[in-house]
Amino acid sequence: MDNVSNILVFSLSGLNVTVENRYVIFSLTTLVYHVILLCNIIIILCIVSDKQLHEPMYIFLCNLCINALYGTTGFYPKFMYDLLTHCHEISYVGCLIQAFVIYSSVLCDVSTLTVMAYDRYVAICKPLEYHSEMNNQNVVKCILFCWLPPIICMAIAVLLASRVTLCGSHIEKLYCETWAVVKLACSSTVVNNVIGYIIIIVYFGHAVLIVYSYIHLIRNCTTSKDSKYRFMQTCVPHLLALFNIAVALLFDVFYSRYGFTSFPQSLRNFMALEFLFVPPVLNPLIYGLKLTKIRKQLIRTIFRFNIASA
(Lines give C-alpha, C1' and ligand atoms only; values in the text may rest on other atoms or scores of the structure.)
Protein backbone atom coordinates (compact mmCIF):
# COMPACT_ATOMS: atom_id res chain seq x y z
CA MET A 1 0.00 0.00 0.00
CA ASP A 2 1.39 3.38 -1.01
CA ASN A 3 0.66 6.50 0.95
CA VAL A 4 0.69 10.11 -0.08
CA SER A 5 4.38 10.58 0.79
CA ASN A 6 5.33 7.97 -1.87
CA ILE A 7 2.98 9.11 -4.65
CA LEU A 8 4.66 11.72 -6.82
CA VAL A 9 2.89 10.93 -10.10
CA PHE A 10 -0.66 10.03 -11.12
CA SER A 11 -1.48 8.00 -14.22
CA LEU A 12 -4.47 8.97 -16.37
CA SER A 13 -6.51 6.26 -18.10
CA GLY A 14 -8.94 8.10 -20.34
CA LEU A 15 -6.72 7.83 -23.44
CA ASN A 16 -6.19 4.09 -23.31
CA VAL A 17 -8.72 3.32 -26.05
CA THR A 18 -7.74 6.24 -28.32
CA VAL A 19 -3.97 5.75 -28.64
CA GLU A 20 -4.28 4.29 -32.16
CA ASN A 21 -5.92 7.47 -33.44
CA ARG A 22 -3.95 9.91 -31.32
CA TYR A 23 -2.60 11.95 -34.28
CA VAL A 24 -6.08 12.50 -35.70
CA ILE A 25 -7.40 13.40 -32.25
CA PHE A 26 -4.38 15.66 -31.69
CA SER A 27 -5.15 17.55 -34.92
CA LEU A 28 -8.83 17.95 -34.00
CA THR A 29 -7.97 19.00 -30.44
CA THR A 30 -5.47 21.57 -31.70
CA LEU A 31 -8.12 22.95 -34.07
CA VAL A 32 -10.72 23.16 -31.28
CA TYR A 33 -8.29 24.86 -28.90
CA HIS A 34 -7.32 27.44 -31.50
CA VAL A 35 -11.02 28.09 -32.28
CA ILE A 36 -11.62 28.62 -28.54
CA LEU A 37 -8.68 31.04 -28.32
CA LEU A 38 -9.68 32.91 -31.49
CA CYS A 39 -13.39 33.28 -30.71
CA ASN A 40 -12.92 34.38 -27.11
CA ILE A 41 -10.02 36.74 -27.82
CA ILE A 42 -11.99 38.40 -30.65
CA ILE A 43 -14.97 39.05 -28.33
CA ILE A 44 -12.63 40.41 -25.64
CA LEU A 45 -10.89 42.75 -28.11
CA CYS A 46 -14.22 43.96 -29.52
CA ILE A 47 -15.47 44.88 -26.05
CA VAL A 48 -12.21 46.45 -24.88
CA SER A 49 -11.70 48.52 -28.04
CA ASP A 50 -15.23 49.98 -28.27
CA LYS A 51 -16.24 52.45 -25.53
CA GLN A 52 -19.91 51.93 -26.42
CA LEU A 53 -19.52 48.37 -25.14
CA HIS A 54 -18.17 49.45 -21.76
CA GLU A 55 -21.49 48.60 -20.16
CA PRO A 56 -22.16 46.04 -17.40
CA MET A 57 -23.65 43.38 -19.69
CA TYR A 58 -20.66 43.46 -22.05
CA ILE A 59 -18.14 43.68 -19.20
CA PHE A 60 -19.63 40.49 -17.74
CA LEU A 61 -19.50 38.87 -21.18
CA CYS A 62 -15.83 39.86 -21.43
CA ASN A 63 -15.28 38.24 -18.03
CA LEU A 64 -16.97 35.06 -19.29
CA CYS A 65 -14.59 34.93 -22.25
CA ILE A 66 -11.51 35.60 -20.10
CA ASN A 67 -12.60 32.78 -17.81
CA ALA A 68 -12.96 30.44 -20.82
CA LEU A 69 -9.32 31.14 -21.75
CA TYR A 70 -8.24 30.56 -18.16
CA GLY A 71 -10.11 27.26 -17.75
CA THR A 72 -9.20 25.70 -21.09
CA THR A 73 -5.51 26.55 -20.55
CA GLY A 74 -5.64 24.20 -17.57
CA PHE A 75 -6.60 21.28 -19.81
CA TYR A 76 -5.77 21.54 -23.52
CA PRO A 77 -1.95 21.97 -23.50
CA LYS A 78 -1.51 18.97 -21.16
CA PHE A 79 -4.05 16.90 -23.10
CA MET A 80 -2.34 17.63 -26.43
CA TYR A 81 1.01 16.64 -24.91
CA ASP A 82 -0.52 13.36 -23.66
CA LEU A 83 -1.82 12.61 -27.15
CA LEU A 84 1.76 12.60 -28.47
CA THR A 85 3.16 10.33 -25.76
CA HIS A 86 2.52 6.75 -24.68
CA CYS A 87 2.92 7.57 -20.99
CA HIS A 88 -0.10 9.51 -19.71
CA GLU A 89 1.05 10.81 -16.36
CA ILE A 90 0.85 14.01 -14.34
CA SER A 91 2.79 15.02 -11.26
CA TYR A 92 1.08 15.14 -7.87
CA VAL A 93 1.43 18.94 -7.69
CA GLY A 94 0.48 19.35 -11.35
CA CYS A 95 -2.66 17.27 -10.75
CA LEU A 96 -3.82 19.51 -7.91
CA ILE A 97 -3.06 22.66 -9.92
CA GLN A 98 -4.98 21.32 -12.92
CA ALA A 99 -7.97 20.43 -10.73
CA PHE A 100 -7.90 23.92 -9.19
CA VAL A 101 -7.74 25.74 -12.54
CA ILE A 102 -10.40 23.68 -14.33
CA TYR A 103 -12.98 23.65 -11.55
CA SER A 104 -12.46 27.21 -10.32
CA SER A 105 -13.13 28.18 -13.96
CA VAL A 106 -16.34 26.13 -14.01
CA LEU A 107 -17.56 27.73 -10.77
CA CYS A 108 -16.60 31.16 -12.12
CA ASP A 109 -18.77 30.44 -15.18
CA VAL A 110 -21.75 29.75 -12.93
CA SER A 111 -21.09 32.90 -10.86
CA THR A 112 -20.73 35.03 -13.99
CA LEU A 113 -23.96 33.71 -15.49
CA THR A 114 -25.69 34.44 -12.17
CA VAL A 115 -24.47 38.04 -12.26
CA MET A 116 -25.54 38.34 -15.89
CA ALA A 117 -29.03 37.09 -14.97
CA TYR A 118 -29.24 39.73 -12.23
CA ASP A 119 -28.05 42.41 -14.66
CA ARG A 120 -30.81 41.49 -17.15
CA TYR A 121 -33.37 41.40 -14.33
CA VAL A 122 -32.53 44.97 -13.28
CA ALA A 123 -32.29 46.22 -16.90
CA ILE A 124 -35.69 44.87 -17.94
CA CYS A 125 -37.72 44.83 -14.72
CA LYS A 126 -36.31 48.02 -13.15
CA PRO A 127 -35.04 50.12 -16.10
CA LEU A 128 -35.25 53.44 -14.21
CA GLU A 129 -33.00 52.09 -11.46
CA TYR A 130 -30.51 50.36 -13.77
CA HIS A 131 -27.76 53.00 -13.91
CA SER A 132 -27.84 53.63 -10.16
CA GLU A 133 -27.99 49.90 -9.38
CA MET A 134 -25.31 48.80 -11.87
CA ASN A 135 -22.83 51.63 -11.30
CA ASN A 136 -19.06 51.17 -11.59
CA GLN A 137 -18.63 50.29 -7.94
CA ASN A 138 -21.27 47.57 -8.06
CA VAL A 139 -19.90 46.20 -11.33
CA VAL A 140 -16.49 45.77 -9.65
CA LYS A 141 -18.20 43.99 -6.75
CA CYS A 142 -19.94 41.69 -9.22
CA ILE A 143 -16.64 40.84 -10.93
CA LEU A 144 -15.10 40.05 -7.54
CA PHE A 145 -18.13 37.88 -6.78
CA CYS A 146 -17.47 35.99 -10.01
CA TRP A 147 -13.87 35.16 -9.08
CA LEU A 148 -13.31 35.16 -5.32
CA PRO A 149 -15.87 32.51 -4.16
CA PRO A 150 -14.78 29.97 -6.86
CA ILE A 151 -11.11 30.51 -6.02
CA ILE A 152 -11.75 30.18 -2.28
CA CYS A 153 -13.98 27.10 -2.70
CA MET A 154 -11.49 25.30 -4.91
CA ALA A 155 -8.51 26.33 -2.76
CA ILE A 156 -10.21 24.69 0.22
CA ALA A 157 -11.14 21.57 -1.81
CA VAL A 158 -7.59 21.20 -3.17
CA LEU A 159 -6.01 21.77 0.25
CA LEU A 160 -8.22 19.08 1.81
CA ALA A 161 -7.51 16.68 -1.07
CA SER A 162 -3.77 17.21 -0.58
CA ARG A 163 -4.03 16.12 3.08
CA VAL A 164 -5.60 12.68 2.56
CA THR A 165 -3.53 9.50 2.63
CA LEU A 166 -3.62 7.78 -0.76
CA CYS A 167 -3.58 4.07 -1.55
CA GLY A 168 -3.40 4.41 -5.32
CA SER A 169 -2.19 6.63 -8.13
CA HIS A 170 -4.46 5.72 -11.05
CA ILE A 171 -7.09 8.29 -12.09
CA GLU A 172 -9.76 7.00 -14.47
CA LYS A 173 -10.17 10.27 -16.30
CA LEU A 174 -8.50 12.43 -18.96
CA TYR A 175 -7.59 15.09 -16.40
CA CYS A 176 -7.36 15.61 -12.66
CA GLU A 177 -10.09 16.61 -10.27
CA THR A 178 -10.18 16.70 -6.47
CA TRP A 179 -12.92 14.07 -6.26
CA ALA A 180 -10.83 11.66 -8.39
CA VAL A 181 -7.91 12.16 -5.99
CA VAL A 182 -10.10 11.73 -2.90
CA LYS A 183 -11.50 8.45 -4.29
CA LEU A 184 -7.95 7.05 -4.05
CA ALA A 185 -7.81 7.73 -0.32
CA CYS A 186 -7.42 5.00 2.28
CA SER A 187 -8.05 7.44 5.13
CA SER A 188 -11.26 9.18 6.19
CA THR A 189 -12.73 11.53 3.57
CA VAL A 190 -15.72 12.73 5.58
CA VAL A 191 -14.50 16.35 5.69
CA ASN A 192 -13.82 16.32 1.94
CA ASN A 193 -17.33 15.01 1.24
CA VAL A 194 -18.94 17.59 3.52
CA ILE A 195 -17.04 20.47 1.88
CA GLY A 196 -17.92 19.07 -1.56
CA TYR A 197 -21.63 19.02 -0.73
CA ILE A 198 -21.43 22.53 0.75
CA ILE A 199 -19.93 23.80 -2.52
CA ILE A 200 -22.68 22.03 -4.48
CA ILE A 201 -25.35 23.61 -2.24
CA VAL A 202 -23.78 27.09 -2.60
CA TYR A 203 -23.82 26.86 -6.38
CA PHE A 204 -27.27 25.32 -6.39
CA GLY A 205 -28.20 28.59 -4.62
CA HIS A 206 -26.80 30.42 -7.66
CA ALA A 207 -29.15 28.39 -9.85
CA VAL A 208 -32.09 29.38 -7.62
CA LEU A 209 -31.16 33.06 -8.06
CA ILE A 210 -31.03 32.62 -11.83
CA VAL A 211 -34.44 30.91 -11.90
CA TYR A 212 -35.89 33.65 -9.65
CA SER A 213 -34.54 36.36 -12.00
CA TYR A 214 -35.99 34.71 -15.08
CA ILE A 215 -39.40 34.15 -13.52
CA HIS A 216 -39.64 37.93 -13.05
CA LEU A 217 -38.16 38.59 -16.51
CA ILE A 218 -40.71 36.37 -18.24
CA ARG A 219 -43.58 37.91 -16.27
CA ASN A 220 -42.40 41.40 -17.20
CA CYS A 221 -42.04 40.54 -20.88
CA THR A 222 -45.72 39.64 -21.18
CA THR A 223 -46.74 43.22 -20.34
CA SER A 224 -44.64 45.18 -22.84
CA LYS A 225 -43.54 44.73 -26.46
CA ASP A 226 -40.33 46.67 -25.73
CA SER A 227 -39.50 44.39 -22.81
CA LYS A 228 -40.22 41.34 -24.96
CA TYR A 229 -37.83 42.62 -27.65
CA ARG A 230 -35.08 43.31 -25.11
CA PHE A 231 -35.61 39.87 -23.61
CA MET A 232 -35.20 38.18 -27.00
CA GLN A 233 -32.14 40.26 -27.86
CA THR A 234 -30.15 39.97 -24.63
CA CYS A 235 -31.61 37.11 -22.59
CA VAL A 236 -31.85 34.36 -25.20
CA PRO A 237 -28.03 34.17 -25.59
CA HIS A 238 -27.76 34.05 -21.81
CA LEU A 239 -30.30 31.22 -21.61
CA LEU A 240 -28.39 29.26 -24.26
CA ALA A 241 -25.15 29.76 -22.32
CA LEU A 242 -26.91 28.60 -19.14
CA PHE A 243 -28.20 25.50 -20.93
CA ASN A 244 -24.66 24.73 -22.17
CA ILE A 245 -23.05 24.92 -18.74
CA ALA A 246 -25.95 23.14 -17.00
CA VAL A 247 -25.77 20.13 -19.34
CA ALA A 248 -21.96 20.10 -19.13
CA LEU A 249 -21.96 20.15 -15.32
CA LEU A 250 -24.64 17.46 -15.19
CA PHE A 251 -22.49 15.17 -17.35
CA ASP A 252 -19.40 15.86 -15.26
CA VAL A 253 -21.12 15.33 -11.89
CA PHE A 254 -22.61 12.02 -13.00
CA TYR A 255 -19.28 10.90 -14.46
CA SER A 256 -17.24 11.93 -11.41
CA ARG A 257 -19.59 10.68 -8.71
CA TYR A 258 -20.98 7.52 -10.25
CA GLY A 259 -18.36 6.49 -12.81
CA PHE A 260 -20.64 4.73 -15.32
CA THR A 261 -17.97 2.06 -15.89
CA SER A 262 -20.48 0.08 -17.98
CA PHE A 263 -20.50 2.90 -20.57
CA PRO A 264 -18.01 2.83 -23.47
CA GLN A 265 -14.80 4.76 -22.74
CA SER A 266 -15.46 7.15 -25.65
CA LEU A 267 -18.84 8.13 -24.17
CA ARG A 268 -17.31 8.61 -20.72
CA ASN A 269 -14.61 10.80 -22.28
CA PHE A 270 -17.27 12.94 -23.94
CA MET A 271 -19.13 13.32 -20.64
CA ALA A 272 -15.89 14.40 -18.96
CA LEU A 273 -14.93 16.85 -21.70
CA GLU A 274 -18.29 18.43 -22.57
CA PHE A 275 -17.86 21.50 -20.33
CA LEU A 276 -14.29 22.01 -21.62
CA PHE A 277 -15.39 21.84 -25.23
CA VAL A 278 -18.96 23.08 -25.86
CA PRO A 279 -19.38 26.24 -23.67
CA PRO A 280 -15.97 27.82 -24.52
CA VAL A 281 -16.75 27.46 -28.25
CA LEU A 282 -20.48 28.21 -28.32
CA ASN A 283 -20.68 31.08 -25.80
CA PRO A 284 -18.66 33.63 -27.83
CA LEU A 285 -20.37 32.50 -31.05
CA ILE A 286 -23.86 32.82 -29.53
CA TYR A 287 -23.20 36.27 -28.07
CA GLY A 288 -21.23 37.45 -31.11
CA LEU A 289 -24.01 36.53 -33.53
CA LYS A 290 -27.00 37.49 -31.39
CA LEU A 291 -25.97 40.77 -29.73
CA THR A 292 -26.23 43.55 -32.31
CA LYS A 293 -23.53 45.83 -30.84
CA ILE A 294 -21.01 42.98 -30.64
CA ARG A 295 -21.82 41.91 -34.20
CA LYS A 296 -21.40 45.45 -35.57
CA GLN A 297 -18.13 45.97 -33.73
CA LEU A 298 -16.88 42.61 -34.99
CA ILE A 299 -17.68 43.58 -38.59
CA ARG A 300 -15.92 46.95 -38.12
CA THR A 301 -12.86 45.22 -36.65
CA ILE A 302 -12.65 42.75 -39.55
CA PHE A 303 -13.13 45.59 -42.05
CA ARG A 304 -10.30 47.64 -40.46
CA PHE A 305 -8.04 44.59 -40.44
CA ASN A 306 -8.69 43.98 -44.13
CA ILE A 307 -7.90 47.61 -44.99
CA ALA A 308 -4.73 47.55 -42.87
CA SER A 309 -3.51 44.34 -44.51
CA ALA A 310 -4.41 45.47 -48.05
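The values are calculated or read from the model by the stated rules, or taken from the named source; none is laboratory data. This structure is a prediction, so every number in the text was calculated from the model and none was measured. Note that each Cβ is placed from the backbone with ideal geometry, even for glycine, and that neighbours are counted across all protein chains shown. With ligands, DNA and RNA removed, areas are computed over all heavy atoms of the protein, side chains included. Shrake-Rupley method; radii C 1.70, N 1.55, O 1.52, S 1.80 Å.
Between the residues SER105, TYR121, CYS87, the greatest Cα displacement towards the positive end of the dipole of the chain, with unit charges on the Cβ of Lys, Arg, Asp and Glu, is found for TYR121.
Ignoring lysines fewer than eight residues from LYS126 along the same chain, the ones with Cα atoms less than 21 angstrom from its Cα are LYS141, LYS225, LYS228. Principal axis extents of the C-alpha atoms in region 101-146 (largest first, rounded to whole Å): 39, 19, 7. Considering the values (1) 195; (2) 149; (3) 128, which represents volume of the Cα convex hull per residue in Å³ as calculated for the structure under consideration? It is the one labelled (2). Here the accessible area of the chain is 70 percent carbon and sulfur, with a 1.4 angstrom probe and all protein chains present. Cα centroids of region 54-94 and region 159-215: 19 Å apart. Considering only ALA117, ALA246, ALA99, the mean-square fluctuation computed in a Gaussian network model of the chain, springs between alpha carbons under 10 angstrom, is largest for ALA246. Here the 3J(HN,Hα) profile of region 210-221, calculated from phi with Karplus coefficients 6.51, -1.76 and 1.60 at θ = phi - 60°, is 5, 4, 4, 4, 6, 4, 5, 4, 5, 4, 5, 6 Hz, Gly and Pro shown as x. Could you work out which residue, out of GLN137, GLN98, GLN52, moves most in a Gaussian network model of the chain, that is, has the largest mean-square fluctuation with Cα springs under 10 Å? In the Gaussian network model the winner is GLN137.
The residues of the chain expose on average 51 square angstrom of accessible surface per residue, using a 1.4 Å probe on protein heavy atoms. Remark: spin-label model distance TYR212-LEU69 equals 3.4 nm, labels positioned 7 Å along the Cα→Cβ axis.
Here the Gaussian network model covers the chain, with springs between Cα atoms less than 10 Å apart; of VAL194, VAL211, VAL182, VAL194 fluctuates the most.
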